[in-house]
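K.L.:
So that we are looking at the same thing, I have put the structure below in structure tokens.
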Amino acid sequence: MTESDLIREEIAELEAQIFRIKGSMNRADNGVKLKKLAVITRLRDRCKKSLAALEKHGAAA
């Protein structure tokens, strides 16, 4: 697997986690889940930026 494939796999897993957290939220534990959701979302966004940079660098080479 290439680095791009690995990053895409990580993004897919993070998006699945985001979906599961959003689906399981209820009033009692929203604070904890919102914090976890924010962290996972930031991580997913960093992975997307890394993937875009990797693909741009690959296209330029």
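Read-outs throughout are calculated quantities, based only on the coordinates presented, and are distinct from any laboratory measurement. Model, not experiment: these values are computed from the prediction. Please note: Cβ atoms are built from the backbone with ideal geometry, for glycine as well, and neighbour counts cover all protein chains shown.
K.L.:
Suppose every Lys and Arg Cβ carries +1 and every Asp and Glu Cβ carries -1, with no other charges. What dipole size does the chain come out with about its Cα centre, to the nearest 20 debye?
P.N.:
Details: 13 positive and 9 negative charges, 98 e Å.
That gives the chain a dipole magnitude of about 480 debye.
K.L.:
Find the lysine pairs in the chain meeting two conditions, Cα atoms under 30 Å apart and a separation of 8 or more places or different chains, and report how many there are.
P.N.:
12
K.L.:
Does anyone have the angle between helix 3-24 and the longest principal axis of the chain? Alpha-carbon axes, 0 to 90°, nearest 10?
P.N.:
The angle comes out near 10 degrees.
K.L.:
Report the per residue volume, in Å³, of the convex hull enclosing the C-alpha atoms of the chain. Spell out each step's value before the answer.
P.N.:
Numbers: hull volume 3.6 nm³, N = 61.
Output value, Cα hull per residue: 59 Å³.
K.L.:
Hey, what number do you get for the chain at 222 nm if only DSSP H runs of n ≥ 4 count, each worth -39500 (n - 2.57), divided across all residues, to the nearest 500? Could you put the intermediate results ahead of the total?
P.N.:
Working: 2 runs with 53 residues, N = 61.
After summing the helix terms and dividing by the residues of the chain, the value is -31000 deg cm²/dmol.
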